[in-house]
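Quick notes on the structure that follows.
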Amino acid sequence: MLTALTAALAAAVLAGLALGSVRIPPSQVLDILTGGAEPSPFRTIVLDVRLPRVLLGAAVGAGLAVIGAVLQALVRNPLADPFLLGVSSGASVGAVSAIVLGGVFGLGAALSTAVTIPAASFAGALLALVLVYALARSGGGGFATGRLILAGVAVSYVLTALTSLILVTADSADHLKEVLYWTLGGLGGARWDMLALPCAVLAVGTALLVALARPLDLLLVGEEGATVLGLDTARFRAAVFVLASLLTGVLVAYSGAIGFVGLMVPHAARMLVGAAHRTLLPVVALMGAVFLVAADLAARTLAAPQDIPVGVLTALTGGPFFLWLLHRSRTHEGAPA
């Protein structure tokens, strides 16, 4: 399975480099990647424009899919997703605040991009997740599907309104373009100097989560069962929530809020390899990378030369999937034991 998905990712990357408003033969793309091509406009397009965008898309897709799989295990709810739970909105509020306040206090673009925005995104994502978690558990009764989704939607709306408030009260109109980037979700601004932090955080974060596969599996048997088997569920959830928020914050800082990747991909992966996280998480990461690279390719080519934000396409495909999943969940809840 991993070999097939790796081959699919390589094919998606090659297609992402070859197709677009300017089409480049795949053989020429391979020559450019291997250093065999002479300097040309095609070489500039492949190496300086498309390759950083494709690599950022692969990293963001892999990360969002892994976060979705982990959140679904943590809250034991198949509808959990960074976007639906308001985590991405929290990260966006943090990023937008950093952009606006960075301009107000004159922190400078370099500092904002390298340090301030990812840190603020992480803080926003963590606060949003903690708030949704607290609201879903308020009044007891565990994580009912309806309560969790309502809490996530409510927090997401509030944070979106807060983003709008920050925008309309900002002094500089230059912030409008940057803020729209976060709200729509896109990879068009990818550059080589933007890849190191998200790729490093993704690699370390995914490795840690794979190492935590057994405790994640224990949560699947239920709160009481996991406790009996020796897991401190409260402490474990708190630690993984922080890790998931860090991943979400860093990825959203560079891509904006791209929804539904963390909802759709984990369910498709479970159909292929089951629910055991040691096997599931690497498969989810590869599938998420393939999905977002392909979605971004579609975003660049469907209305070329116009570039559609990839978050728009993932929402168009994820919305119907979410409705199907909600209907399926309701059917299972209503089924006789």
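The values are calculated or read from the model by the stated rules, or taken from the named source; none is laboratory data. A quick note: this is a predicted structure, and the numbers were derived from the prediction, not measured. In this analysis, Cβ positions are derived from the backbone assuming ideal geometry, glycine residues included, and neighbour counts consider all displayed protein chains. We work out accessible area using only protein heavy atoms, side chains counted, and drop any ligands, DNA or RNA first. Shrake-Rupley method; radii C 1.70, N 1.55, O 1.52, S 1.80 Å.
Above 26 Å, the calculated P(r) of segment 214-337 contains 36 percent of its Cα-Cα pairs. Taking the 1.4 Å solvent-accessible surface of segment 40-89 as the whole, the part contributed by carbon and sulfur is 67%. If you take the alpha carbon atoms of the chain and fit the smallest convex hull around them, that volume is 142 Å³ per residue. In the context of the full set of protein chains, residues of the chain present 45 Å² of accessible surface per residue (probe radius 1.4 Å, heavy atoms only).
Taking the accessible area of segment 271-333, probe 1.4 Å, and keeping the other protein chains in place, the carbon and sulfur fraction comes to 68%. For the chain, take the longest principal axis of its alpha carbons; what is the angle in degrees between that and the long axis of helix 2-18, to the nearest 10 within 0 to 90? Long axis of 2-18 versus the principal axis of the chain: about 40 degrees.
Sorting the Cα pairs of segment 1-108 by distance into bins of 5 Å, from 0 upward, gives 2, 10, 14, 14, 12, 13, 13, 12, 8, 3, 0 percent per bin. The helix-only estimate of mean residue ellipticity at 222 nm for the chain, built from DSSP H runs of length n ≥ 4 each weighted as -39500 (n - 2.57), is -24000 deg cm²/dmol after division by the residue total.
Taking 13 Å as the cut-off, the amide N atoms of segment 287-317 that come nearer than this to a point 7 Å along the Cα-to-beta-carbon line of residue 21 belong to 300-308.
Helix 196-211 and the longest principal axis of the C-alpha atoms of the chain enclose an angle of approximately 30°.
Expressed as a whole percent, the accessible area of segment 197-254 that falls on carbon and sulfur atoms is 72 (1.4 Å probe). In the elastic network of the chain, a GNM with C-alpha springs shorter than 10 Å, the most mobile of 63, 222, 20 is 222.
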